[in-house]
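Beneath this line is the structure, given in C-alpha cells, with notes to follow.
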Amino acid sequence: MTRGAFRFQLHERLRSSAEYQQVKRCGKRLRARHFGVNVAVNGLPHHRLGLVVQKRFWGAVKRNRIKRCLREWFRQNKFLIALPGKDIVIVAHPGAERLSSIDTAKELNAALSVAG
C-alpha cells in the first residue's frame, strides 16, 4: 500500500445532508454504549464516514476532540471493514467525551463486528 492509503481523504467523507438522510433511511442501525451507528451499502469501492457531534451537549473543544478520535479510528480501521463499500454515520452521545481513543475504537469495532 502506498503512504496515502492510510489518510482520511476527501472522497471518504459524507458531505451533503442528502447523503446523511440516505444512510439514516436505508441503513442498518447499531448501538454502542456512547455512539449510535448507521451503516448502509453505498455501491462504491471504498467506505465513507459521516459524523454527528451535537453542539447542545459539548463545547467546541470537546466536540473537536470527539471528531478527531472518530476520524482517527476510521483512518486506522477502514481496511478491516468488509467490502462492498459502506457509508457509516456515527452519532456521538453524552459520555463520549470521556472515552480515550482506545476505548472509542473498542466500542466501534464491537458495534461494526455485529453488522458484519
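Where a number appears in this text, it was derived from the coordinates with a stated rule and is not lab data. Values in this document were obtained by computation on a predicted structure and should not be read as measured data. Virtual Cβ from ideal backbone geometry, glycine too; neighbours counted across all protein chains shown.
Quick look at the values:
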| item | result |
| --- | --- |
| Proximal charge balance of LYS55 [Cβ under 11 Å; K/R count +1, D/E count -1] | +3 |
| Set of lysines near LYS78 by C-alpha distance (under 17 Å), chain-local residues within fewer than 8 positions excluded | LYS67, LYS86, LYS106 |
| Nearest-0.05 FRET efficiency for LEU80 and CYS26, computed from C-beta distance (R0 25 Å) | 0.60 |
| Stretchable slack from LYS62 to PHE8, in nm (0.36 nm times residue separation minus alpha-carbon distance) | 17.4 nm |
| Sum of side-chain charges, ALA111 neighbourhood, beta-carbon under 12 Å (Lys, Arg +1; Asp, Glu -1) | +4 |
| For the chain: span of alpha carbons on each principal axis (Å, largest first) | 35, 34, 27 |
